[in-house]
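Notes for the one structure printed next.
The values are calculated or read from the model by the stated rules, or taken from the named source; none is laboratory data. It should be emphasised that the depicted structure is a prediction, and the values quoted were computed from it without experimental measurement. Note that each Cβ is placed from the backbone with ideal geometry, even for glycine, and that neighbours are counted across all protein chains shown.
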Amino acid sequence: MQLKPTLLALAALATLPALAQNLTVVNFGGANGAAQKRAYFEAYEKSGAGKITQVEYNGEQAKIKAMVEAKKISWDLVEVESPDVNRGCDEGLFEKIDWTKVGNKADFQPAAVHECGVGVFIWSTVMAYNGDKLKDAPTTWADFWDAKKYPGKRGLRKGARYNLEFALMADGVKSADVYKVLATKEGSDRAFRKMTELKPLIQWWEAGAQPPQFLVAGDVAMTTAFSGRIDAAQREGKNLKITWTGGIYDLDYWAIPKGGPNKEAALKFIALASTPDAQAEYARNISYGPTNNKALAQLDAKTLALLPTSPANSKDALQFNIHFWADQGEALEKRFAAWAAQ
Amino acid sequence: MQAGGTDLIRQLRRAERRSKVRAFALTLPLLTFLLVFFLVPLASLLVRAVENPEVADALPATGRALSGWDRVTAPPDAAYAALLQDLAAIGETERAGALARRLNSEMPGSRSLVMSTYRALPLDHPAGPQQARAALVEHDARWADPAYWHAIEKNSSRWTPDYLLTAIDLRRTADGSIERVPDENAAFSSILLRTFGISALVTAIALLLGYPLAYWLSTLNERRANLMLILVLLPFWTSVLVRIAAWIVLLQNNGLINRLLQFLGLTDTPLPLLFNRTGVIIAMVHILLPFMILPLYSVMKSVPPNYLRAAVSLGSAPLAAFFRVYLPQTYPGVAAGGLLVFITCIGYYVTPALLGGAGDQMLSYYVAQYTNVEVNWGMACALGGVLLSATLILYTLYRKASKAELSLG
């Protein structure tokens with residue numbers, strides 16, 4: 001008779017997975033992953049819906065493609081960058097989103113509503129500098145390119161994306177016209193010429209954690225950076241500053257790999273993570289903009305001032321043009337590789 | 001006796017055959033492993049580099065309609081009608097997506113052109129090829145541009161040399177001849193050269209550093225040599241990423257090395273040791289040094305010290321004795337270590353990615369970029385294939401040049 005409670009417990013354990021919908025959610029980890037864990041994963045687990053296994057990746061779409069092709073989906077939900085949600089949707093890697101189960105489309109930022117994805121947050125690639133070392137704040141991309149006024153190295157992300165846009169703005173192109181200019185042969189020539197001007201000063205970065213390190217160590221005078229990474233460094237007490245003028249903002253999306261076994265639970269998770277409450281909690285943990293506009297009402301002025309989406313910060317910002325890069329990305333990245341080799 | 005003799009021979013043969021089968025059976029797991037995890041993936045990689053099914057599958061009628069086209073003037077009306085017919089027949093979106101991706105890597109802009117047309121179907125137009133042309137051009141004026149049609153025509157066969165040509169900076173022109181791509185797009189030949197250049201430099205430095213150390217190790221008694229070998233191997237057991245992070249700490253502007261140099265008054269401003277070629281070389285030499293030291297050490301251990309002593313006692317100068325008597329006996333070790341380091345170097349990815357600038361990336365970086373970012377696996381496989389064949393050619397040349405009885409299996 002001693003056995004009975006044990007047996008019962010075992011039986012209960014065996015039935016648990018059937019009731020709860022355990023999910024494997026894939027994101028980019030880091031400070032962002034931690035904020036998602038606090039705002040979204042814990043809320044999902046507390047609601048009794050099931051456990052979440054967090055997996056980190058680096059945005060490699062090859063893994064998703066391989067899973068979908070092999071029809072063995074072990075990732076239920078993936079955070080993907082905007083060009084990938086678009087391309088993955090075209091190529092049938094992701095499930096179509098049933099928006100009636102997510103929320104009212106009108107509550108969301110227009111860009112957050114996608115056929116195959118739901119916007120998670122809005123982030124921005126901006127100019128950043130160390131407030132302790134650079135007293136005279138740079139205000140435009142022309143300042144970033146001005147080696148006389150601001151001596152020292154410049155940090156830029158390896159690759160053509162963002163850099164060509166910044167180069168055109170430094171060359172005097174208005175943010176609204178950047179993609180129109182870049183789409184022409186003369187425009188891309190002009191962007192690469194401008195990049196050549198800065199080439200001897202560039203210190204390239206690969207991972208988002210590097211720009212704040214460069215600034216703190218004093219290796220560079222200014223750098224491009226993901227706004228949330230600078231915010232995370234500020235929270236650690238570093239006096240790093242952001243110049244929002246001419247920043248490029250973009251969204252990350254939740255996407256469900258096609259043919260996965262937990263599609264419904266993944267949608268339930270997305271719905272929960274898209275509520276104003278959860279998104280406001282997320283924005284308090286890391287300074288990325290909520291995609292559900294109703295979340296903004298719950299945030300205080302101090303938090304709002306740090307978000308890429310606040311009116312002051314987004315005044316002269318540029319939305320990353322995924323359609324432009326989907327068409328021209330491969331060709332421009334190849335040209336960038338050739339340019340770097342010269 | 002005659003009958004008994006043949007019987008014996010038969011028995012002997014059978015026994016021999018049985019032992020041969022047993023020996024073969026013992027190697028069977030290894031052979032299967034090699035086949036499944038090495039040869040098959042390698043073969044499929046090479047096939048993917050020339051395979052080109054996307055356009056042929058999705059647009060068969062268009063391909064036929066374009067077969068007689070001169071590639072310069074406007075394409076025939078029939079091609080427009082065939083395109084509309086083909087696009088309407090594409091069942092699943094993913095096939096349209098694959099078609100758009102394939103055409104886009106050939107002609108930037110095709111992705112949005114194909115997808116927007118596919119989504120807009122059926123285009124409302126009166127029957128007839130001429131009307132099909134009008135409807136397509138009205139939907140998107142780019143359909144009047146022969147360049148997009150050339151991309152379709154060029155890829156309507158199931159196999160293509162284009163990935164491989166692109167991987168060595170060549171391309172096929174409209175008239176079918178092969179030419180070099182313009183300089184602003186010629187990336188891969190200099191990247192390939194850079195890959196071999198970095199590998200050769202790392203191998204040379206590893207040899208210069210490893211040779212004296214291996215020599216010193218070979219002169220120690222066994223207990224001390226073992227201890228030192230453990231020290232050589234210690235970094236081997238540390239994750240590559242950890243070692244890279246350690247180099248960042250050491251080499252950065254206010255890192256240990258730069259502060260030491262400034263303290264000693266050797267330099268006023270910090271030397272740029274990181275995020276450039278110097279940092280990549282330093283870290284790669286460090287990571288690969290054990291691959292050089294171990295083969296050198298094992299060969300040097302087998303060189304009798306008496307030869308050197310004999311040479312010196314017969315009147316040779318110590319240095320001359322070293323170069324003429326000792327060094328040649330260690331050539332097999334130099335060759336094995338050099339080859340091992342060089343070939344490992346060629347595939348390096350993570351060290352240059354984290355410690356190098358945009359101009360210091362090796363070919364693997366671009367293989368990864370085409371695999372993960374552009375999701376153009378044909379191009380990734382072509383680059384991999386070029387790297388593989390360049391390495392095999394170098395290895396063959398090496399085998400021809402050196403008579404060393406050395407094989408890497």
Any idea which residue in segment B:208-224 is farthest from B:S389 (Cα to Cα), counting only those that are surrounded by 16 or more Cβ atoms within 10 Å (Cβ to Cβ) and among the hydrophobic types (A, V, I, L, M, F, W, C)? B:L217
Can you name the residue in segment B:236-246 that is away from chain A (no Cβ under 14 Å) and assigned to a helix (DSSP H, G or I) and is also modelled with the lowest pLDDT among such residues? B:F236
For A:A111, work out the one condition from (1) within 14 Å of chain B (Cβ to nearest Cβ); (2) under 16 Å from the mean Cα position of the chain (by Cα); (3) modelled with pLDDT under 95 it doesn't fulfil. (1)
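Could you tell me which of the residues B:L209, B:L213, B:L193, B:L201 is within 12 Å of chain A (Cβ to nearest Cβ) and either charged (D, E, K, R) or more than 28 Å from B:G63 (Cβ to Cβ) (or both)? It would help to see each step written out before you state the result.
Values: B:L209 fails: within 12 Å of chain A (Cβ to nearest Cβ); B:L213 fails: within 12 Å of chain A (Cβ to nearest Cβ); B:L201 fails: within 12 Å of chain A (Cβ to nearest Cβ).
Matching residue, one of B:L209, B:L213, B:L193, B:L201: B:L193.
Suppose we filter B:L229, B:L233, B:L207 for residues that are part of a helix (DSSP H, G or I), modelled with pLDDT of 95 or more and either more than 30 Å from A:F336 (Cβ to Cβ) or not assigned by TED's automatic domain parsing to the domain that holds B:Y370 (or both); which single one remains?
Details: B:L229 fails: modelled with pLDDT of 95 or more; B:L233 fails: modelled with pLDDT of 95 or more.
Unique residue meeting the criteria: B:L207.
Would you check if B:Y349 is over 30 Å from B:L308 (Cα atoms) and either in contact with a His (Cβ under 7 Å, 6 or more places away or on another chain) or more than 8 Å from chain A (Cβ to nearest Cβ) (or both)?
Values: over 30 Å from B:L308 (Cα atoms): yes; either in contact with a His (Cβ under 7 Å, 6 or more places away or on another chain) or more than 8 Å from chain A (Cβ to nearest Cβ) (or both): yes.
It is true that B:Y349 is over 30 Å from B:L308 (Cα atoms) and either in contact with a His (Cβ under 7 Å, 6 or more places away or on another chain) or more than 8 Å from chain A (Cβ to nearest Cβ) (or both).
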Is there a residue in segment A:229-242 that is closer than 20 Å to B:L355 by Cα, away from chain B (no Cβ under 12 Å) and aliphatic (A, V, I, L, M)? no
Of all residues in segment A:200-218, count the ones that are more than 17 Å from the chain's Cα centre (by Cα) and surrounded by fewer than 24 Cβ atoms within 10 Å (Cβ to Cβ). 9
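Test A:V181 against the stated conditions and say whether it is at pLDDT 95 or above and either away from chain B (no Cβ under 13 Å) or surrounded by fewer than 22 Cβ atoms within 10 Å (Cβ to Cβ) (or both). Explain how you work it out, then say what you get.
Working: at pLDDT 95 or above: yes; either away from chain B (no Cβ under 13 Å) or surrounded by fewer than 22 Cβ atoms within 10 Å (Cβ to Cβ) (or both): yes.
Yes.
Quick check: is even one residue across segment B:331-347 free of Cβ contacts under 8 Å to residues at least 40 places away in the same chain and closer than 27 Å to B:L231 by Cβ?
Initial filter on segment B:331-347 (free of Cβ contacts under 8 Å to residues at least 40 places away in the same chain): none.
There is no residue in segment B:331-347 that is free of Cβ contacts under 8 Å to residues at least 40 places away in the same chain and closer than 27 Å to B:L231 by Cβ.
Conditions (1) assigned to a loop (DSSP other than H, G, I, E, B); (2) charged (D, E, K, R); (3) within 14 Å of chain A (Cβ to nearest Cβ); (4) in contact (Cβ under 8 Å) with a residue 12 or more places away in the chain, marked per residue:
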{"residue": "B:W69", "(1), (2), (3), (4)": "yes, no, no, yes"}
{"residue": "B:T73", "(1), (2), (3), (4)": "yes, no, no, yes"}
{"residue": "B:R95", "(1), (2), (3), (4)": "no, yes, yes, yes"}
{"residue": "B:P126", "(1), (2), (3), (4)": "yes, no, no, no"}
{"residue": "B:A132", "(1), (2), (3), (4)": "no, no, no, yes"}
{"residue": "B:A147", "(1), (2), (3), (4)": "no, no, yes, yes"}
{"residue": "B:E153", "(1), (2), (3), (4)": "no, yes, no, yes"}
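If you check B:A335 against the conditions, is it closer than 18 Å to B:A401 by Cβ and surrounded by 13 or more Cβ atoms within 10 Å (Cβ to Cβ)?
Spelling it out, B:A335 is indeed closer than 18 Å to B:A401 by Cβ and surrounded by 13 or more Cβ atoms within 10 Å (Cβ to Cβ).
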How many residues are free of Cβ contacts under 8 Å to residues at least 12 places away in the same chain and within 14 Å of chain A (Cβ to nearest Cβ) when one looks only at segment B:171-184? 5
Answer residue from segment B:100-124, given it is more than 10 Å from every other protein chain (Cβ to nearest Cβ) and of a type in the set (A, V, I, L, M, F, W, C) and is farthest from B:N185 (Cα to Cα) among those: B:L123
Hey, B:T166 under 17 Å from B:P75 (Cα atoms), within 32 Å of the chain's Cα centre (by Cα) and of a type in the set (S, T, N, Q) or not: no
(1) at the interface with another protein chain (Cβ under 10 Å from one of its Cβ atoms); (2) farther than 26 Å from B:T371 by Cα: which one isn't true of B:T166, the others all being true? (2)
Which condition does B:P272 not pass, out of (1) closer than 30 Å to B:E222 by Cβ; (2) at pLDDT below 90; (3) assigned to a loop (DSSP other than H, G, I, E, B), if it passes all the others? (1)
Could you tell me whether any residue of segment B:169-177 is crowded, with 18+ Cβ neighbours inside 10 Å and assigned to a helix (DSSP H, G or I)? no
Hey, could you check segment B:363-398 for residues that are within 10 Å of the chain's Cα centre (by Cα) and more than 14 Å from chain A (Cβ to nearest Cβ) and say which is surrounded by the fewest Cβ atoms within 10 Å (Cβ to Cβ)? B:S389
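How about segment A:209-250: which of its residues are in a helix (DSSP H, G or I), more than 27 Å from B:P270 (Cα to Cα) and among the small types (G, A, S)? Don't jump to the end; show me each part of the working.
Filtering segment A:209-250 for residues in a helix (DSSP H, G or I) gives A:210-217, A:227-235.
So of that shortlist, the ones also more than 27 Å from B:P270 (Cα to Cα) come out as A:227-228, A:231-232, A:235.
Passing the criteria: A:S227, A:G228, A:A232.
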Of all residues in segment B:54-67 being assigned to a helix (DSSP H, G or I) and surrounded by 23 or more Cβ atoms within 10 Å (Cβ to Cβ), the one that is farthest from the other protein chains (Cβ to nearest Cβ): B:A65
Checking the conditions here, which among A:V126, A:V102, A:V85 is within 15 Å of A:L267 (Cα to Cα), of a type in the set (A, V, I, L, M) and either modelled with pLDDT under 90 or in contact with a strand residue (DSSP E or B) (Cβ under 7 Å, 6 or more places away or on another chain) (or both)? A:V102
